[in-house]
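Visitor: The following block contains the structure, expressed as structure tokens.
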Amino acid sequence: MKTRITELFGIEHPIIQGGMHMVGYAEMAAAVSNAGGLGIITGLTQGTPENLAKEIARCREMTDKPFGVNLTFLPAVTPPDYPGFVEVIVKSGIKAVETAGNNPQKWLPALKEAGIKVIHKCTSVRHSLKAESIGCDAVSVDGFECGGHPGEDDVGNWVLLPRAAEELKIPFVASGGCATGSQLVAALALGAEGMNMGTRFMATVEAPVHENVKQAILQATELDTRLIMRPLRNTERVLNNAGVERLLEKERTLGDKITFADIAPEVAGVYPAIMKDGNMDAGGWSCGMVVGLIHDIPTVKALIDGIMSEADDIIRHRLARFLDGSAAAERAKTLA
């Protein structure tokens, strides 16, 4: 399948693995890239520019296909060494960067000068248009269903994607709630040029997370995520657990007086306990509503091949039957 996204990033399938904290290591990125998608190493997960350089080199030992790096720009009292991360990305010859968080405009000149294609994650049309105006090559449009930070507008992809198609000239991918070939076809029909998956890739053989995380995803339904930090206007969608329930009770009790310090035990530094140690009640970890559509733990290649096969079958056969009227005829025979 060829779309503007496959051509932009030089990949076989229009599927991108989004950057995920303590998931986006070389194993994950290489598996996705080897399967024909665009794998992404999560930059800040590596801790330092030096460690990122090592992770990029490690990924290159696992794949000769294109892969990228995620850089999330966040406000902080002591910000990460962003100049160092950008320098490593450029010197390492990376050709694709997924940016997220704050406006990446400050870092675009260095990336663009190196011939790097930038796709920015946005949760609204207005932010997508801003990304287009500052020179981003593509946008990942995140609907309200997504794991992590869905923004504060609460617009789902059924409306957000066609709105993005009305406004944007640069290509965009659907993100949030994506797991199947039917969703890829739907995203294409709504104007996207592919899809970005996060939670779905966590439930794969190669995902470098504790088995408890994969089983938690497998056992969850679409009703099992929660929105935390809404009173702080830093909303995050997470999988429900005892730590999340403790956090939500604090939000209910403290109301508009709540501060980040009040909930820090349930959100600050909990990822190692969850992703590495498998302590599923430690606190909030990003997870999308798409868990309701995840029923197995395949290899990454089997997952992507299955998605593309399903999409191809829907486009070539199921939808074609509606055009030639055979679907209606078959339905009439069934009802007769």
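The values are calculated or read from the model by the stated rules, or taken from the named source; none is laboratory data. Since this is a predicted model, take the numbers as computed values, not measurements. Here the Cβ positions follow ideal geometry from the backbone for every residue, glycine too, while neighbour counts run over all protein chains shown. Just the protein is used for accessible areas: all its heavy atoms, side chains included, with ligands, DNA and RNA removed. Shrake-Rupley method; radii C 1.70, N 1.55, O 1.52, S 1.80 Å.
Visitor: Do you know the relative contact order of the chain, to the nearest whole percent, from alpha carbon pairs under 8 angstrom that are 6+ apart?
Guide: 16
Visitor: Now a separate question. Averaged across orientations, what area in nm² does the convex hull of the alpha carbons in segment 112-179 project?
Guide: 4.8
Visitor: How large is ³J(HN,Hα) for each residue in segment 56-71, as worked out from phi by the Karplus curve 6.51 cos²θ - 1.76 cosθ + 1.60 (θ = phi - 60°), to whole Hz, x for Gly and Pro?
Guide: 4, 4, 5, 5, 5, 6, 9, 8, 10, 8, x, 9, x, 10, 8, 10
Visitor: Let me ask another. So what are the radius of gyration and Dmax for the Cα set of segment 19-167, in Å?
Guide: 15.1, 42
Visitor: With every protein chain kept in place and ligands, DNA and RNA left out, what is the accessible area per residue of the chain? Probe 1.4 Å, answer in Å².
Guide: 44
Visitor: For segment 190-196, take each phi angle, set θ = phi - 60°, evaluate the Karplus expression 6.51 cos²θ - 1.76 cosθ + 1.60, and give the result in whole Hz per residue in order, putting x for glycine and proline.
Guide: For segment 190-196, the Karplus curve yields 8, x, 6, 10, x, 9, 10 Hz.
Visitor: Which residue fluctuates the most in the chain, going by a Gaussian network model with Cα springs under 10 Å, if the choices are THR123, THR221, THR180?
Guide: Comparing THR123, THR221, THR180 in a Gaussian network model of the chain, the most mobile one is THR221.
Visitor: In debye to the nearest 20, how big a dipole does segment 191-265 give about its Cα centre with +1 on each Lys and Arg Cβ and -1 on each Asp and Glu Cβ?
Guide: Values: 10 positive and 11 negative charges, 47 e Å.
With Lys and Arg at +1 and Asp and Glu at -1, about 220 debye.
Visitor: If R0 is 35 Å, what FRET efficiency do you get for ASN279 and ARG58 from their C-beta distance, rounded to 0.05? Intermediate values should be presented prior to the final figure.
Guide: Numbers: r = 27 Å, r/R0 = 0.76.
According to the calculation, E is roughly 0.85.
Visitor: Short version: what are the Cα gyration tensor semi-axes of segment 227-336, square root of 5 times each eigenvalue, largest first, in whole Å?
Guide: With the √(5λ) rule applied to segment 227-336, the semi-axes are 45, 19, 11 Å.
Visitor: Given a 10 angstrom Cα cut-off, can you work out which residue in ILE304, ILE314, ILE170 is the most mobile in a GNM of the chain?
Guide: ILE314
Visitor: Further, regarding this structure: Which residue, GLY39, GLY194, GLY306, tops the fluctuation ranking in a GNM of the chain built on C-alpha contacts under 10 Å?
Guide: GLY306
Visitor: Dipole of the chain (Lys/Arg Cβ +1, Asp/Glu Cβ -1, origin at the Cα centre): which of ASN279, TYR82, THR204 lies farthest to the positive side?
Guide: TYR82
Visitor: Using the Cα centre of segment 209-336 as the reference point, and only Cβ charges (+1 on K/R, -1 on D/E), how large is the resulting charge dipole? Debye, rounded to the nearest 20.
Guide: Details: 16 positive and 19 negative charges, 65 e Å.
Computed about the Cα centre, the dipole is about 320 debye.
Visitor: While we're looking at this one, here's another question. Enumerate the lysines that LYS130 could reach by cross-link, defined here as Cα to Cα under 20 Å, with residues fewer than 8 away along the same chain left out.
Guide: Candidates past the 8-residue exclusion: LYS106, LYS112, LYS117, LYS121, LYS169.
Visitor: Mind giving me the nanometre distance, one decimal, between the label points for LYS2 and ALA264, set 7 Å out from Cα along Cα→Cβ?
Guide: Label-label distance for LYS2 and ALA264, simple model: 5.5 nm.
Visitor: Give me the percent of DSSP beta bridges within the chain that run antiparallel, rounded to the nearest 5.
Guide: Within the chain, antiparallel bridges account for around 20 percent of the total.
Visitor: To continue, here is another question. Applying a 10 Å radius around every beta-carbon, put 143-151, 159-167 in order of their mean neighbour count, most first.
Guide: Highest mean packing first, the order is 143-151, 159-167.
Visitor: Give me the distance between the Cα centres of segment 120-178 and segment 264-294, rounded to whole Å.
Guide: Going from one Cα centre to the other spans 24 Å.
Visitor: Heavy atoms only, probe 1.4 angstrom, no DNA, RNA or ligands counted: give me TRP158, TRP107 ranked by accessible area, highest first.
Guide: The ordering from most to least exposed comes out as TRP158, TRP107.
Visitor: Counting Lys +1, Arg +1, Asp -1, Glu -1, what net charge surrounds VAL209 among other residues with beta carbon under 14 Å of its beta carbon?
Guide: Taking every Cβ under 14 Å from that of VAL209, the sum is -1.
Visitor: Here's a follow-up. May I ask you to derive the FRET efficiency for GLU330 and GLU166 from their Cβ-Cβ distance with R0 = 30 Å, giving the value to the nearest 0.05?
Guide: Taking R0 as 30 Å, the efficiency between GLU330 and GLU166 is 0.30.
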